[in-house]
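The values are calculated or read from the model by the stated rules, or taken from the named source; none is laboratory data. Quick caveat: nothing in here was measured; it's all calculated off a predicted structure. A quick note on method: Cβ atoms are made from the backbone with ideal geometry, for glycine too, and the neighbour counts reach across all protein chains shown. Note: accessible area is taken over every heavy atom of the protein model, side chains too, but ligands, DNA and RNA are not part of it. Shrake-Rupley method; radii C 1.70, N 1.55, O 1.52, S 1.80 Å.
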Amino acid sequence: MNWLYDKFGYVGRVGWATDCFGHSHSQAALLNELGMEMQGIERFDERYTHLRTGGPLLEFYWATRSDSNNITYGGLMTHVRYFNHEPADYLRRSDGRAVAGEFNQVIPNMKKLYGKNLLYKFFGNDFEEFIAKEFEVVEDSLKEVNKMDKCNNYHYGNPTEYMKRLQEYFKSEAKLQNRYYDLMPDWDAGRYWSGYFTTDPLLKKVCKDYSRLLNFYKKSLVQSYSQGKIHLGEELKKVQPMEELLAIMQHHDGITATSKHHIEMQMISKMNASRDVIMKEFKSAQSLPQYFHCDLYANNNECTIEPSVVSDFHLILYSFGTSRKERVEVKLPDGKYFRLVGDIYWEIYCLKDQYKDCRIIMQVPIHPNNVTIHFGAIGLDFIQPYIISPSNVTEGEHNGATFKLVGSESLRYEFGNHYFVVSYVQSAANGYLRDSTNWTKFGNRIDGKEVVRSGFYIMENDGNLTNTGSITGMKVLLGETYAKIVLTFNVQIEVIITLEKDLPNVLDIATTFTPPSPALNDYFLQVKSDIRGNNDFFHDANGYLVMRRVFDQRPDYEFKPVAGDKINANTYPTTSFAYIKNSVDKMLVSLDRAEGVAIWEQDSLLMNFDRLASDDGKGAAEGYPYMIKNVFRHRVAITKVTDDLERQWQKQYDEPIIALYGVTQG
């Protein structure tokens, strides 16, 4: 919208979402806040049209209602385009003449579904220009249709013009109905397209972190401007290409992995390079040395010191968010510990093993202040020694909480009257290859020959769960204020779970995972507890409002799920958190990137942290045989339903702490 105004002096009021894989009604409220009034959308569960209670409703005022507080927010007039866009050349006969019959078949159906004579039909196609010869075909067809007297007024226009006509129509001839529900998940060609919520987790993480850092930087510019240090307009010109870079990768062909793999890697490289530019500009604006830096936030409290730092160093913490208490782990190079130098008292505890994990309990100040901490290398006699258990223990205890392996597949953690069970599971995928004429089923593995075939894939898992691997070892590091449980598997999974003395109800779970092969699988972190919901779970929508999802149900239309839909039909896009609750407590899971989340057996949440299925021809039909290592971070807790811990964690994630460190001069 800013670009349109800057370039053309035009304020956009109409939006058009052509190819989203499902639609969130929270997006309508967000667009409303930006000043938009109307939108046209397509791609949705087509059963909504035919099975909706009360009949089709394809034009409505899309209001946004939060399921956590039942408050209704703003929205948009919305047109759901049931009839897809298509090239005009399909209207030609083999002899080149126009075929008016195609229009005659479509128009009565449109009048029936939309319930009016004011209709809109779009022509065009992906990667094709709608040139003059296409208009000739439409013109010829329209002449034939007019002869048959099926419609007496045709007009060339565009989505904006139609939406304005629609607005006038609902003011004078009909009442516009409200709708309060989203259109998730997308169901098309007999399959759920929910894999897009999870595909390409590396790119999703890079985009989210880049967005966080960019927002941090813009806040720092506003602060510098308020102090009279900079000319804001000039600095914001530097920010625009950064915002455009992020916008490109948030396009559906970027973030859902339908781009070529080498293009994605190139864009990730560009974002990483841009991150370095942001930090260089930030340090310069703050008159800071060009120190190393770490980004710290709710799901990642680690700052690893570079091996080149071998002497005393400064650590400077910046936050342009709210004041909060946060734990930070400073990981030093091997053989190096640190102590505090200065007149501010901090509680410091270190782990005595190869991790060299040190934790600071601190209060981060409200901007624009910052805190400077001085450290130096010391001996181990200063620090409470940690107890390292044998390499292959099966159970342990930390400050009254107990943990033990359950078989060789999961870890059970008990505290007070509650428990967690953490495990890693997978579900095999069923695949369908669509070519120009039909759908052809293929097997459960991708091979090179199948990957390069024409057409595209729609994937979904089979609705069954099996263990991803067996736990081959558990190591426990016990300390005074916190502990770590390290699990290793017989596949490429390592899990580090951090426990806090003063937060026994919280687990920080860091999963390092590399897919073992290009098998068509969905991989899940499964978290189970004693909290059971009412056949439902809750999650954020775009980090904005909270949605309630009832297992195997849709709010205003019916469908008959099959066995394979157990996961697919109940997987929803989550960007920040999800939880199961009863009347007293809730089990909460916080995410570090967008993931598909589903409920399982009423007491478990499935976080789909990696998908090796090939949605929509991942990589533009090149397949996706790339085994990319990722570190996924989830924070889980059992807390009271009246608490807002999920929003506190979300705020901490969205408002990072920037840690700068470097060798002390002099």
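Consider segment 481-494 and keep the residues that are out of contact with any Phe, Trp or Tyr (no Cβ under 6 Å at 6 or more places or on another chain) and in a loop (DSSP other than H, G, I, E, B). The one that is surrounded by the most Cβ atoms within 10 Å (Cβ to Cβ) is V491.
Okay, residues lined up against (1) in contact (Cβ under 8 Å) with a residue 60 or more places away in the chain; (2) under 21 Å from S427 (Cα atoms):
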position: F489; (1), (2): yes, yes
position: L507; (1), (2): yes, no
position: F513; (1), (2): yes, yes
position: P516; (1), (2): yes, yes
position: H539; (1), (2): no, no
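Among the residues making up segment 174-204, those that are open to solvent by 30 Å² or more (accessible area, probe 1.4 Å), touching a residue at least 40 places away in the same chain (Cβ under 8 Å) and over 30 Å from A563 (Cα atoms) are A174, L176, Q177, N178, L202.
Looking only at segment 411-422, how many residues end up being assigned to a strand (DSSP E or B) and touching a residue at least 60 places away in the same chain (Cβ under 8 Å)?
8
Output the residue which, of all residues in segment 54-69 that are among the charged types (D, E, K, R) and over 19 Å from K121 (Cβ atoms), is most open to solvent (accessible area, probe 1.4 Å). This residue is R65. Kindly establish whether L588 is over 26 Å from I305 (Cα atoms), within 18 Å of the chain's Cα centre (by Cα) and at pLDDT 75 or above. Taking the combined requirement at face value, the residue satisfies it. Does I580 satisfy the condition of being under 29 Å from M627 (Cα atoms) and crowded, with 23+ Cβ neighbours inside 10 Å? Here the answer is no, as I580 does not meet what is asked.
Looking across segment 233-254 at every residue that is over 21 Å from D654 (Cα atoms) and of a type in the set (D, E, K, R), the one that is surrounded by the most Cβ atoms within 10 Å (Cβ to Cβ) is identified as E235. For I497, the conditions (1) assigned to a loop (DSSP other than H, G, I, E, B); (2) β-branched (V, I, T); (3) buried (at least 20 other Cβ atoms within 10 Å of the Cβ) are fulfilled apart from (1). Filtered by the rule that a residue be over 26 Å from G195 (Cβ atoms), in a strand (DSSP E or B) and modelled with pLDDT of 95 or more, segment 508-540 gives a lone residue, S529.
Just checking, does segment 70-79 include any residue being touching a Cys at 6+ places or on another chain (Cβ under 9 Å), under 30 Å from V550 (Cα atoms) and open to solvent by less than 10 Å² (accessible area, probe 1.4 Å)?
No, every residue in segment 70-79 fails to be touching a Cys at 6+ places or on another chain (Cβ under 9 Å), under 30 Å from V550 (Cα atoms) and open to solvent by less than 10 Å² (accessible area, probe 1.4 Å).
Might you check whether a residue that is open to solvent by 10 Å² or more (accessible area, probe 1.4 Å), of a type in the set (A, V, I, L, M, F, W, C), out of contact with any Asp or Glu (no Cβ under 9 Å at 6 or more places or on another chain) and touching a residue at least 60 places away in the same chain (Cβ under 8 Å) occurs anywhere in segment 218-232? Among the residues of segment 218-232, not one is open to solvent by 10 Å² or more (accessible area, probe 1.4 Å), of a type in the set (A, V, I, L, M, F, W, C), out of contact with any Asp or Glu (no Cβ under 9 Å at 6 or more places or on another chain) and touching a residue at least 60 places away in the same chain (Cβ under 8 Å), which makes the answer no. Of S194, S259, all but one fail to be of a type in the set (S, T, Y) and modelled with pLDDT of 80 or more; the exception is S194. Summed over segment 1-19, the residues that are open to solvent by 50 Å² or more (accessible area, probe 1.4 Å) and either under 24 Å from Y82 (Cβ atoms) or in contact with a helix residue (DSSP H, G or I) (Cβ under 7 Å, 6 or more places away or on another chain) (or both) give a count of 4.
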